Amino acid sequence: MSKSFKHIPVMLEESLSFLNIKEDLTYIDATLGMGGHSKAILERYPNIKIIGIDRDSRSLEIAKENLKPFSRRIDFINSRFSKLNEIINEYKTQNIKIGGVLLDLGISSFQLEDEYYGLSFKKNINDIELNMKLDSWCNSSAAEILNKKTEKEIADIFFFNADYKKSRALARLVVKNRPLNKLKDFINLCSFSSNPKINSATLPLMALRIEVNDEFNEIKKGLRGAIEALEQNARIVVLSFHSGEDRIVKNIFKENSCLEILTNKPLIPSLAEIKNNPRARSAKLRAVEKNKND
């Protein structure tokens, strides 16, 4: 596992600006990844501390290496961000004031490129298992979901998780060709549908990954927990990467009267950033400030 993987944090300047970082406070990077956003914060603000959370223990090890010069100012926690309420309250018992939370909901380039996860069709996929688990807490692998669920349940996964229009047709193919255990087997099934803009497997793979890792429920639990536990004037900044994520974030922010919405419309990356980092092209940033305690 390489620890020198190139990583460019998405919408870095916008994220830091909306976090409104103040010295002597502690900030939570709830999706630490390889540590790009946290590294910039620690470099620019010498008196703040970071709580870095990641569900993926392998990514966390890379982040520890990347952030080694700042080890005295960052706590590393291997956990899902759905535990934000518990984590924030634990630090509050230590009289530590949390100034804000950053969530970057994107899958890291490292996870997409590493065959261990089986998330990408861009590598040599002949021997890659249909896994997609980002941590050991996941109940089922992608193979188990495809091989055990009903045709309707599989179609719903493709449609509701990724707005995939040919969900029923693909679900029928899945059931007809079971068992599916290798990534290549599933990708070959997806090729029945052609799309000139994106690879035919892109949306079905994303839908499966979301299901395996319970990503939508993680976002809901994490955001609601953070909103409840944070003190007045703390901020939450969220980077989402597809419409399903952004819709959840927007609705949760709107349903909480204790929040001041700082981005009436989501911010998107500049053309210059997209040119420098194509991964940023689908990013949307939303930010809120907690203006009163419930």
Residue pairs qualifying under the 6 Å Cβ cut-off, at least six apart or on distinct chains, with the first in the range 172-192 being over 16 Å from Ser141 (Cβ atoms) and the second being open to solvent by 70 Å² or more (accessible area, probe 1.4 Å) and in a helix (DSSP H, G or I), are Val175/Glu151
Scanning the range 81-91 residue by residue, the ones that are surrounded by fewer than 20 Cβ atoms within 10 Å (Cβ to Cβ) and either among the aliphatic types (A, V, I, L, M) or closer than 20 Å to Arg58 by Cα (or both) total 1
Original post:
Before we move on, is Leu42 farther than 23 Å from Ser240 by Cβ and part of a helix (DSSP H, G or I)?
Top reply: yes
Expected single match for without any contact (Cβ under 8 Å) to a residue 12 or more places away in the chain and either open to solvent by 50 Å² or more (accessible area, probe 1.4 Å) or among the charged types (D, E, K, R) (or both) among Glu129, Glu144 is Glu144
Counting only helices (runs of 4 or more DSSP H) wholly inside the range 92-200, the ones holding at least 1 residues that are of a type in the set (Val, Ile, Thr), out of contact with any strand residue (DSSP E or B) (no Cβ under 7 Å at 6 or more places or on another chain) and farther than 21 Å from Arg58 by Cα are 142-148, 151-162, 167-176, 183-190
Of the residues in the range 125-152 that are of a type in the set (A, V, I, L, M) and modelled with pLDDT of 90 or more, the one that is farthest from Asn181 (Cα to Cα) is Leu134
Practice problem: Return a yes/no flag: does the range 250-267 have any residue that is within 13 Å of the chain's Cα centre (by Cα) and closer than 25 Å to Ile51 by Cα. | Solution: no
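Matching residues to (1) closer than 29 Å to Gly244 by Cα; (2) of a type in the set (Asp, Glu); (3) more than 16 Å from the chain's Cα centre (by Cα):
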site	(1), (2), (3)
Pro46	no, no, yes
Ile62	yes, no, yes
Arg72	no, no, yes
Leu105	yes, no, no
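Residue-by-condition table, conditions (1) polar (S, T, N, Q); (2) in contact with a Ser or Thr (Cβ under 7 Å, 6 or more places away or on another chain):
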| position | (1), (2) |
| --- | --- |
| Ser141 | yes, no |
| Lys149 | no, no |
| Ala155 | no, yes |
| Ala162 | no, no |
| Arg172 | no, no |
| Asn188 | yes, no |
| Ser194 | yes, yes |
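The values are calculated or read from the model by the stated rules, or taken from the named source; none is laboratory data. Since this is a predicted model, take the numbers as computed values, not measurements. Ideal geometry is used to build each Cβ from the backbone, glycine not excepted, and the neighbour counts take in all protein chains shown. Note: accessible area is taken over every heavy atom of the protein model, side chains too, but ligands, DNA and RNA are not part of it. Shrake-Rupley method; radii C 1.70, N 1.55, O 1.52, S 1.80 Å.
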